[in-house]
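Peer 1: Got a structure for you, written out below as C-alpha cells; questions coming shortly.
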C-alpha cells in the first residue's frame, strides 16, 4: 500500500478549490461574497448621504407631501443596494444552466418584490393627496381605498412572483373561489358587516372624531370605521367595538353636525308675582338673549321667552333659545352665565322662584260632631268610681 504524499494532498486541495460548491470554484464564491459585502457597505453610505440629503431638502420645502413621500419609500430604497448586491454577486458565479436559471428567478423575484413594496408604501401619500384635493371623499373612504389598494398590491405582487417560478396562479384562484363560497356560507355576518360598512361610509353618516348616539347601543366619539366594526370611545374612555350592521340598521344621531345647541328651560315663579313683574322679567331675559353674541338670532333659529302656563305651584315662563357654539364645555359656561343673569333679573324685579308646595285649608262647620279626646279629662280621672 502506497503512502500518500504532500503532493497528493496538494492535488486534492487544488481539486476541491477548483470544484468548490456545485461546480463553482471558491475564488468566484469569495468574489461573490465580497461583492455582496460591498453592496451592504454601499447601502449604509447610501442611507447616510443620499437619503440624508433628500431628507434635508424635504425639510426645507414648504409642503409636507415630500416628507410623506420620502418616509414611505425610505425602506424600499434602502433595499435596492441589497438587490444590486445579489445581482452582481450571482453574475460572477460560473454555474450550469439549471443553477443560472435559479439565480435569474431570484433576481427577478427581488426586483418584483421591491417594486410592489414601493407601490404598497406609496398608497399612504396617495391617500393624503386624495384627502387634500378631493372634497367628495371623506377620510374614512380614503382609509378604505388605501387599505384595499395595499391588499391588492400584496396579492398581485405575490401572484407575479409565483408566475416567475412557474407556479400557475389560475388554478389556485379557482380553488380559492370555491373555498370562498364555502366560507361565505358560514360567514354571512362578516360580509353583512362589510357591506354595511360601505353603506355607512357612502352615506357619510359620521366620520372619525364625531360624537354620535345610537339609542340602546352606544354613545361616544368615533375613533375608526373598520371593515367589520366601528370603534367608538365612550365618555368614560372605554372603547366599544360596534358591528357595522348595528350602525346601518339603527338611527344614528350625530351631535357633531349640530349647527347650534339648544337651551330649553321652564322658569317657575311664585304666584304672588304681579303681572307687571312677570312682564318685566320676561322682557329683561329676552333683551339679554337678543343682545348677546353667544346666542343665535331669531332669524337663524327659533327663540322664545313667553309666559307659558299656570302650574300647580308656579307661573311658568318658557325660555327657548340656541347658542352659537356646539362645544359642550363652552355651552355649559354660557348656560351658567344665563342662569346667573336670570336669578339677578328675578331678584331685581322683587320676585322669587317657586318650589313645589301644598296648602291645606280648614273651615269651621256649625253642625260638625263633637270630637272626643283620646284620653279622659283630668276631672274624670279624679272622680270616684260608681259602686
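The values are calculated or read from the model by the stated rules, or taken from the named source; none is laboratory data. Note that this is a predicted model, so its numbers are computed, not measured. A quick note on method: Cβ atoms are made from the backbone with ideal geometry, for glycine too, and the neighbour counts reach across all protein chains shown.
Peer 1: For the stretch 312-329, enumerate the residues that are outside any strand (DSSP E or B) and in contact with a strand residue (DSSP E or B) (Cβ under 6 Å, 6 or more places away or on another chain).
Peer 2: From the stretch 312-329, those outside any strand (DSSP E or B) are 312-314, 324-329; that's our starting set.
Of everything in the stretch 312-329, those that are outside any strand (DSSP E or B) and in contact with a strand residue (DSSP E or B) (Cβ under 6 Å, 6 or more places away or on another chain) turn out to be 314, 326.
Peer 1: Every residue in the stretch 111-167 that is modelled with pLDDT of 75 or more, touching a helix residue (DSSP H, G or I) at 6+ places or on another chain (Cβ under 7 Å) and not in a helix (DSSP H, G or I), please.
Peer 2: The one that is modelled with pLDDT of 75 or more, touching a helix residue (DSSP H, G or I) at 6+ places or on another chain (Cβ under 7 Å) and not in a helix (DSSP H, G or I): 165.
Peer 1: Only one of 324, 306, 337 is surrounded by 15 or more Cβ atoms within 10 Å (Cβ to Cβ), modelled with pLDDT of 90 or more and under 27 Å from residue 260 (Cβ atoms); which?
Peer 2: Numbers: 306 fails: surrounded by 15 or more Cβ atoms within 10 Å (Cβ to Cβ); 337 fails: surrounded by 15 or more Cβ atoms within 10 Å (Cβ to Cβ).
Only one candidate qualifies: 324.
Peer 1: Given the residues 257, 237, 264, which is the only one that is loosely packed, with under 13 Cβ neighbours inside 10 Å and within 23 Å of residue 334 (Cβ to Cβ)? First the steps, then the outcome.
Peer 2: Details: 257 fails: loosely packed, with under 13 Cβ neighbours inside 10 Å; 237 fails: within 23 Å of residue 334 (Cβ to Cβ).
264 is the lone residue from the list that is loosely packed, with under 13 Cβ neighbours inside 10 Å and within 23 Å of residue 334 (Cβ to Cβ).
Peer 1: Name the residues in the stretch 241-256 that are in contact with a strand residue (DSSP E or B) (Cβ under 9 Å, 6 or more places away or on another chain) and over 14 Å from residue 225 (Cβ atoms), would you? Spell out the reasoning first.
Peer 2: We begin by selecting, within the stretch 241-256, every residue in contact with a strand residue (DSSP E or B) (Cβ under 9 Å, 6 or more places away or on another chain); these are 241-244, 246-247, 250-256.
Correct list: 250, 251, 253, 255, 256.
Peer 1: Kindly provide the set of residues from the stretch 82-98 that are assigned to a loop (DSSP other than H, G, I, E, B) and either surrounded by 12 or more Cβ atoms within 10 Å (Cβ to Cβ) or touching a helix residue (DSSP H, G or I) at 6+ places or on another chain (Cβ under 6 Å) (or both), ordered by number. Steps first, please.
Peer 2: Our first condition is that a residue be assigned to a loop (DSSP other than H, G, I, E, B); within the stretch 82-98, this holds for 92-96.
Within the stretch 82-98, 92, 93, 94, 95 meet the criteria.
Peer 1: Out of the stretch 272-293, which residues are surrounded by 15 or more Cβ atoms within 10 Å (Cβ to Cβ) and either outside the structural domain of residue 340 (by TED's automatic domain parsing) or within 25 Å of residue 258 (Cα to Cα) (or both)?
Peer 2: Kept after step one, since they are surrounded by 15 or more Cβ atoms within 10 Å (Cβ to Cβ), are these residues of the stretch 272-293: 273, 277-278, 280-282, 284-286, 288-289, 292.
Selection gives 285, 286, 288, 289, 292.
Peer 1: When you check residue 45 against the structure, is it surrounded by fewer than 13 Cβ atoms within 10 Å (Cβ to Cβ) and assigned to a helix (DSSP H, G or I), yes or no? Outline the logic, then answer.
Peer 2: Numbers: surrounded by fewer than 13 Cβ atoms within 10 Å (Cβ to Cβ): yes; assigned to a helix (DSSP H, G or I): yes.
So residue 45 passes the test.
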